[in-house]
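The values are calculated or read from the model by the stated rules, or taken from the named source; none is laboratory data. Predicted, not measured: the structure shown is a model, and the values here were computed from it. Glycine gets a Cβ as well: all are built from the backbone with ideal geometry, and neighbour counts include every protein chain shown.
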Amino acid sequence: MLILYLLLTLVGGTAVVWKIVDVQFVDGDMWRRKAERHEVKWQDDPARRGNIYSSDGKILATTVTVCDLYLDLDKTYVLGSNGDTIRDKRGKAKQKCPIVDSNLYKYLDTMCDLLSKGTRAHSAEYYKERIRAERASNKPNRCFLMARHVPYVTWLAISRLPGWRDGVVRQVGKRNVIYNERAPIYGNMALNTIGFDNGRDSKTYTGLEGSYDSILRGRDGRFTCRRLTKGIWKPDMPDDGEMKAVRTDHDKVDTLMEVRKVDGESIVATIDTRYQDIAEHALREVLMQYGGARGCAILMEVETGYVLACANLAADTAGRYSELRDENVAVSRFYEPGSTFKSVAMMAMLSDPKQDIDTSMQVRTVYKEFPNAKPVKDSHKKRDSLSVKEVIEESSNVGMCELAWMYYRNRRDDFVARMRQVFPYEKLNLDVNAPEPTSRMNNVHASNNDFLRLTYGYSTVVTPMQIITFYNAVAGGGRMVKPLFCRAIIDRKGVRHEIEPVVLREQAFPKESAKKLTEMLMGVVERGTAKSIRSNLYAIAGKTGTANYRVTMPEWHNSSFAGFFPADNPRYTCYVMLEKVPRSAFGTQAAKVFKEISDCVVAMDRKLNEGVLSTSLPRIEADSTKALEAPRMEKGRQESIVRAYALVGRRYRGANRRSEWVSFKGATDSTEAIYVEYKPTHGRVPNCYGMTAKDAVWMLKEMGYRVSVKGYGKVMSQAPKAGTTAKRGVRVVLTLGNE
């Protein structure tokens, strides 16, 4: 070392020697750390989030790659030394912009079609107009946002169009336009139940995504990479994912955490896509018909409490009904329930061991004034007296007040205690990450008015999920189970672990009381306020409800219906609530939704179908001279028609499976019946005859028209007539009906 020092001193002088010593010994650690950063780097390895499956085996939510599509629409020309635009032999100005005009307009139709079909947000014509307008401006935007959340395959196809590669922006600021996000496979279907992403960087969710986040998200990995050569790094992945000794410089060994990623597990939701689709369709049709603000339709399995369908629809700014963020009507909103709550008050009376109420006893139901309370009257004229059973069947407010006043005016604590025993007033703590409001009941001791109003559905606020939990307990003979939205967890090895039903109260009320109330609820449908939905195929037990929307808005009401079916052997419970609809007699608007759901469920449940229909329907002998015509939809969105054919188990025949809209073409001597492409002409009102309201409204709004809907069923007529020349913004009135 001394000899080396002397040689260096002779050759380079003392200054050089001291510099080497300074680098090697004084600042050695610092320089070695800097070198290490260029040789070794830490790499995050994000875990893949687990899937959410439906109970019928379909994927409801998964992780996909999406992109924000930005275009560089800069328009510049090649200039000569004198500042003039250089032109080619044909006289066209030469361009040096990212997408020259020849390529831009040649492939504009292709690009807009790809974007429209990929996002389903707007029509291709909408995107064309935006690009043309921006390109024609004096200073076109060099980072023009076309659409967000574009599927990666669509974004890639656009970027590969001839001459478009340099015009598709790949990074905005420091943010990459390509990223992973949670994708609901069925669009808005059951989106509040599945869950919303609270933000691209928040990593928090609502719904099932939020409740089972710790199971779905897994564990992110972290490991070191070592540089082999410029731009090439080799992962140094641990085998066991535990602590590992890692050399961080030439002389020092540190213990750093290297973790192998663990992908998330999957869950199976209780939602059945077939029932969910039926519930949403039925609810949307009635909301569009009456113009309600929002609504929900819940279908629950009696024995387990599994929620098979939970539709939460609210009107957006364009008047369309869909699942909107923070609009989980079934879980997060509470209401004065109205007459559907009469069943709760009646159950409290029937299950009171201190009372023995004879359901055949006559109760006075004429207009009456109770002491220190507002006068009570019924919404329509009834007999001077009704039996206790008929009080429920005819939904008599006066009759309920008379019973409560007769038995409980001096025992109000007992009445409230029985109400809280038979009805789940406490929070249900559901397994969907959504706020549950605290239900409350007015002080029945403070005023006679609150005490009496409680018996017919006022002076208290509850959620739709609490209502259906009570009716499900009636269907179950007093056994009250918790509504569940997740039925199983699938681990990383593919093993399925079932989630057992949760019993809230093994016997919330006596079986005999449940049987008596069930008979009353069956009477409501057989001869009472819900006789319009009576079925000859199966028995329904239920209760209508109509409540004031607001005291200051008497023309608007909340319409509801709660019940279960088949009533003689309950298998399903259903609750429907419509908010802010025109004044309705006895909740018949909501009852329509219930009936459509129950009819479809009975038809689709094979075991139930065989048990009910085989004994209820008369035998019909086949007529060999007549061929049954297969059901069909005249016109509509091809995707919806294909799904409908699949639900009824029939083969779909389409001439072009890529077409968005199709119409039915009947069979001829030489051709079979088939669906052919239907292309609406822009500037002319399309022919909506035979379409569902959902598809007709979608098509018209996509073409820029405003829409009004009247009636119920399919489109039977429209104004203006099909083919009429009409500009964007014109209102088209659709009249619905059934043939």
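A few comments on the model shown:
- Helices (runs of 4 or more DSSP H) wholly inside the range 385-491 that include at least 1 residues being over 17 Å from residue 346 (Cα atoms): 448-454, 464-475
- Taking the criterion of being in contact with a Cys (Cβ under 7 Å, 6 or more places away or on another chain) and within 19 Å of residue 501 (Cα to Cα), the only residue of the range 422-481 that qualifies is 431.
- Some residue of the range 458-474 being assigned by TED's automatic domain parsing to the domain that holds residue 353, under 23 Å from residue 570 (Cβ atoms) and out of contact with any Pro (no Cβ under 9 Å at 6 or more places or on another chain): yes
- Residue that is at pLDDT 95 or above and either within 30 Å of residue 275 (Cα to Cα) or of a type in the set (Phe, Trp, Tyr) (or both), where the choices are 186, 179, 205, 212: 212
- Residues located in the range 334-367, provided they are part of a strand (DSSP E or B) and of a type outside the set (A, V, I, L, M): 335, 362, 364
- Within the range 127-165, considering residues that are surrounded by fewer than 16 Cβ atoms within 10 Å (Cβ to Cβ) and under 28 Å from the mean Cα position of the chain (by Cα), the one nearest to residue 100 (Cα to Cα): 145
- Taking every residue in the range 153-180 that is in the same structural domain as residue 114 (by TED's automatic domain parsing) and of a type in the set (Asp, Glu) and pairing it with any residue that is surrounded by 12 or more Cβ atoms within 10 Å (Cβ to Cβ) and not in a helix (DSSP H, G or I), at least 6 positions away or on another chain, the pairs with Cβ-Cβ distances below 7 Å are 166/98.
- Residue selected from the range 417-459 under the condition crowded, with 22+ Cβ neighbours inside 10 Å, more than 28 Å from the chain's Cα centre (by Cα) and of a type outside the set (A, V, I, L, M, F, W, C), by the criterion farthest from residue 506 (Cα to Cα): 453
- Residue pairs whose Cβ atoms lie under 8 Å apart, separated by 6 or more positions or on different chains, with the first residue in the range 526-544 and over 21 Å from residue 514 (Cα atoms) and the second aromatic (Phe, Trp, Tyr), are 533/594.
- Residue 235 modelled with pLDDT under 90 and over 27 Å from residue 58 (Cβ atoms): yes
- Checking 398, 422 one by one, the residue that is at pLDDT 95 or above and under 20 Å from residue 543 (Cα atoms) is 422 and no other.
- All of (1) under 22 Å from residue 125 (Cα atoms); (2) in contact with a helix residue (DSSP H, G or I) (Cβ under 7 Å, 6 or more places away or on another chain); (3) not assigned by TED's automatic domain parsing to the domain that holds residue 643 hold for residue 715 with one exception: (1).
- Within the range 727-739, considering residues that are touching a residue at least 40 places away in the same chain (Cβ under 8 Å) and assigned to a strand (DSSP E or B), the one surrounded by the most Cβ atoms within 10 Å (Cβ to Cβ): 732
- Selection within the range 695-726 - crowded, with 16+ Cβ neighbours inside 10 Å and either among the β-branched types (Val, Ile, Thr) or part of a helix (DSSP H, G or I) (or both): 695, 696, 697, 698, 699, 700, 701, 702, 707, 709, 715
- Taken over the range 523-560, the criterion of being buried (at least 19 other Cβ atoms within 10 Å of the Cβ) and assigned to a loop (DSSP other than H, G, I, E, B) is satisfied by 528, 529, 530, 538, 539, 540.
- Considering the range 404-416, and only residues there that are more than 26 Å from residue 333 (Cβ to Cβ) and surrounded by 16 or more Cβ atoms within 10 Å (Cβ to Cβ), the residue that is nearest to the chain's Cα centre (by Cα) turns out to be 415.
- Out of 577, 520, one residue alone is surrounded by 22 or more Cβ atoms within 10 Å (Cβ to Cβ), part of a strand (DSSP E or B) and in contact with a helix residue (DSSP H, G or I) (Cβ under 8 Å, 6 or more places away or on another chain). It is 577.
- Just so you know, in the range 351-380 the residues that are over 20 Å from residue 393 (Cβ atoms) and among the basic types (Lys, Arg) include one that is surrounded by the fewest Cβ atoms within 10 Å (Cβ to Cβ), and it is 354.
- Applying a threshold of 6 Å to beta carbon distances and a minimum spacing of six or more residues, or different chains, the list of pairs starting in the range 464-486 at a residue that is closer than 13 Å to residue 306 by Cα and modelled with pLDDT of 95 or more and ending at one that is surrounded by fewer than 24 Cβ atoms within 10 Å (Cβ to Cβ) and β-branched (Val, Ile, Thr) reads 472/302; 481/503; 482/502; 486/499.
- Test: residue in the range 251-268 that is closer than 28 Å to residue 486 by Cα, part of a helix (DSSP H, G or I) and at pLDDT 80 or above: no
- Filter result (touching a strand residue (DSSP E or B) at 6+ places or on another chain (Cβ under 7 Å) and either outside any loop (DSSP other than H, G, I, E, B) or basic (Lys, Arg) (or both)) within the range 97-122: 101, 115, 118, 119
- Qualifying residue in the range 383-403 (condition: touching a residue at least 60 places away in the same chain (Cβ under 8 Å) and loosely packed, with under 15 Cβ neighbours inside 10 Å): no
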